[in-house]
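To start, the structure under review is shown below, and the notes come after it.
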Amino acid sequence: MKFLGIETSCDETAAAIVESGSEPGLRLLSNVIASSAELHRAFGGVVPEIAARSHIEYMTPVIEQSLAEAKADWDDIDGIAVTYGPGLGGSLLVGVMTARTLAITKNKPLYSVNHVEAHPFATFLTKTSPALATTYRLPSSPPEFPMLALIVSGGHSQLVLFYDFFNHELLGRTRDDAVGEAFDKVAKILGLPYPGGPSISKAAESGNPTAFKLPKARLQGKYDFSFSGLKTAVLRTLQAECDKDYNFPSINLAKFLTDAQKNDMAASFQSVAVETLVDKTILAADEYQPKSIVIAGGVAANQELRRQLDQGLKQRPIYTDIQLCTDNGAMIAALGCFMAMHNQPIADPYSLDISPGLSM
Ligand code: KG4
Ligand code: ZN
């Protein structure tokens with residue numbers, strides 16, 4: 001079975017084709033992503049209207065390229081999976097309307113996929129076509145259930161226990177900002193480019209993680225996270241460093257900071273943010289004894305997170321391939337393919353609606 005996955009929940013227009021076979025893992029045949037991140041850089045964050053307009057421009061060429069790279073035509077495609085939430089309304093609409101139109105005109109079953117739920121399914125891709133073999137480093141076998149997933153990105157931070165493909169329990173989630181969002185906001189304060197995750201980790205390489213003492217949030221929910229207090233602590237510490245009071249606008253702070261101060265704060269912030277994620281993941285792993293632990297979402301690309309998890313977990317986690325951590329169509333196609341294989345309900349191509357606030 002070959003599946004086309006379409007993803008447009010934020011600023012990445014993505015389409016991919018995956019194939020199921022006799023083995024448990026799936027094969028990645030193509031994975032095409034056109035990002036509008038460059039256009040948002042000047043604004044320090046995603047501008048929804050610009051993202052939606054870019055999706056309209058990129059959607060058709062991205063799908064055509066995904067078919068071409070997979071050496072597939074429409075006759076080869078057995079189903080279409082699309083992200084219907086959560087995400088930006090205007091962005092989701094472009095993907096969903098495209099998938100609905102294709103499902104009707106090409107006469108294919110349509111599957112609606114929850115974006116957050118799909119992130120860990122990128123690790124079920126265990127093979128590629130020969131053309132992609134050097135591009136991706138995939139796990140040799142797929143995760144097993146029960147699977148504990150740490151899903152961390154710009155829009156979500158949660159610990160989820162998957163009993164099987166479609167039954168899961170949300171163990172904990174962020175009470176305020178997502179961890180990726182905190183990386184993005186701290187980067188903005190430090191005057192580092194958007195997206196903040198990669199720029200903070202790069203700056204952190206030259207910084208001292210113990211230079212600034214930042215607080216770790218204590219929460220009632222055993223597996224819940226909070227990152228907004230940490231972000232505020234970064235701001236207050238830097239205002240004090242620059243002899244400014246707490247009314248001083250965060251946007252003007254960066255020009256008073258030396259590169260050394262920026263690097264030290266990047267390293268100190270990253271260290272505490274990552275520790276928070278690692279502490280709870282270890283706690284959940286000890287309590288639930290999952291067969292597999294999967295680390296997914298944009299922040300899963302963070303090397304400090306991987307280092308601390310490798311050090312703290314008794315069992316080696318399965319990390320998403322670096323290029324499949326941030327948003328992509330492959331994870332959507334993968335979950336859609338499993339939905340079809342396990343006879344999950346198909347969506348109505350005449351009425352499928354977006355669900356921007358969808359949760360797990
Ligand atoms: O999964 P994703 O592409 O989009 C959402 O679903 O939100 O994740 C994007 C987020 C951004 O906040 C970005 O700053 C963060 O992932 N990110 C990172 C790294 N690479 C991307 N955060 C920390 N370290 C990284 N290396
Ligand atoms: Zn995502």
Quiz prompt | Yes/no for residue 218 being more than 13 Å from ligand 1 (Cβ to nearest atom), out of contact with any helix residue (DSSP H, G or I) (no Cβ under 8 Å at 6 or more places or on another chain) and modelled with pLDDT of 95 or more | solution = no
Among (1) away from ligand 2 (no atom under 16 Å from the Cβ); (2) of a type outside the set (A, V, I, L, M, F, W, C); (3) surrounded by fewer than 20 Cβ atoms within 10 Å (Cβ to Cβ); (4) under 19 Å from the mean Cα position of the chain (by Cα), residue 45 falls short only on (1)
When you scan segment 188-208, do you find a residue that is over 30 Å from residue 20 (Cα atoms), of a type in the set (Gly, Ala, Ser) and within 16 Å of ligand 2 (Cβ to nearest atom), even just one? yes
> Within the bounds of segment 255-263, is there any residue that is in a helix (DSSP H, G or I), under 30 Å from residue 33 (Cα atoms) and more than 11 Å from ligand 1 (Cβ to nearest atom)?
Replying inline: no
Among (1) more than 23 Å from the chain's Cα centre (by Cα); (2) closer than 18 Å to residue 155 by Cβ, residue 72 falls short only on (2)
Condition check: in contact with a helix residue (DSSP H, G or I) (Cβ under 8 Å, 6 or more places away or on another chain), under 18 Å from residue 340 (Cβ atoms) and of a type in the set (Gly, Ala, Ser). Does residue 72 satisfy that?
no
Of the residues in segment 7-64, those that are in a helix (DSSP H, G or I) and over 18 Å from residue 96 (Cβ atoms) come to 37, 38, 39, 40, 41, 42, 43, 50, 61, 64
Flagged pairs (Cβ under 6 angstrom, 6 or more apart or on separate chains; first in segment 207-231, more than 19 Å from residue 197 (Cβ to Cβ); second of a type in the set (S, T, N, Q) and assigned to a loop (DSSP other than H, G, I, E, B)) are 217/226; 219/226
Residue 131: passes all of (1) part of a helix (DSSP H, G or I); (2) under 17 Å from residue 326 (Cβ atoms); (3) not charged (D, E, K, R) but (2)
Being on the phi > 0 side of the Ramachandran plot and touching a helix residue (DSSP H, G or I) at 6+ places or on another chain (Cβ under 8 Å) narrows 180, 196, 207, 191 down to just 191
- [ ] Return yes or no: is residue 291 more than 16 Å from ligand 2 (Cβ to nearest atom) and either touching a His at 6+ places or on another chain (Cβ under 7 Å) or touching a residue at least 60 places away in the same chain (Cβ under 8 Å) (or both)?
- [x] yes
Residue 251 vs (1) assigned to a helix (DSSP H, G or I); (2) surrounded by 18 or more Cβ atoms within 10 Å (Cβ to Cβ): all pass except (2)
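The values are calculated or read from the model by the stated rules, or taken from the named source; none is laboratory data. The structure displayed is predicted, hence computed values, not measured ones. Cβ coordinates were reconstructed from backbone atoms using ideal geometry, including for glycine residues, and neighbour counts include every protein chain displayed.
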